[in-house]
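The values are calculated or read from the model by the stated rules, or taken from the named source; none is laboratory data. This one's a predicted model, so the numbers in the text were calculated from it and none came from an experiment. Here the Cβ positions follow ideal geometry from the backbone for every residue, glycine too, while neighbour counts run over all protein chains shown. Note: accessible area is taken over every heavy atom of the protein model, side chains too, but ligands, DNA and RNA are not part of it. Shrake-Rupley method; radii C 1.70, N 1.55, O 1.52, S 1.80 Å.
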Amino acid sequence: MSSIPIRIGVLRLIDCSPPIVAREYGFFADAGLEADIAVEPSWANIADKLAYGMLDAAVILGPLAIAMGLGLRGR
């Protein structure tokens, strides 16, 4: 069975550790996913990459997710 690749954006903050721990413990592999963790320089960079499909998922702040959902960040 082949794994589905996903790219997850994070910042170098402690609250972004769950996807890193999940990858190291094999939780993504158990679900048939091959997770690539992308360390990004800023929240704005993560938001832009999510909007343009360069990231499949990310650990972001709640208000940023709401703003993106409402279209307040452009695309």
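Couple of notes before you dig in:
- The one condition in (1) loosely packed, with under 14 Cβ neighbours inside 10 Å; (2) over 23 Å from Ala67 (Cα atoms); (3) modelled with pLDDT of 95 or more that Pro41 fails to fulfil: (2)
- Filtered residue count, region 56-75, keeping only those that are more than 16 Å from Leu13 (Cβ to Cβ) and either acidic (Asp, Glu) or part of a loop (DSSP other than H, G, I, E, B) (or both): 7
- Scan of region 1-17 for residues that are under 20 Å from Ala65 (Cα atoms) and either aliphatic (A, V, I, L, M) or out of contact with any strand residue (DSSP E or B) (no Cβ under 9 Å at 6 or more places or on another chain) (or both), ordered by number: Ile6, Ile8, Val10, Leu11, Leu13, Ile14, Asp15
- Residues that are open to solvent by 70 Å² or more (accessible area, probe 1.4 Å), in a helix (DSSP H, G or I) and either of a type in the set (Val, Ile, Thr) or touching a Ser or Thr at 6+ places or on another chain (Cβ under 6 Å) (or both) do occur in region 6-16.
- Matching entry among Ala57, Ala51, Ala31 (being closer than 21 Å to Ser3 by Cβ, in contact (Cβ under 8 Å) with a residue 12 or more places away in the chain and surrounded by 10 or more Cβ atoms within 10 Å (Cβ to Cβ)): Ala57
- Residues that are closer than 18 Å to Arg73 by Cα and polar (S, T, N, Q), drawn from region 15-57: Ser42, Asn45
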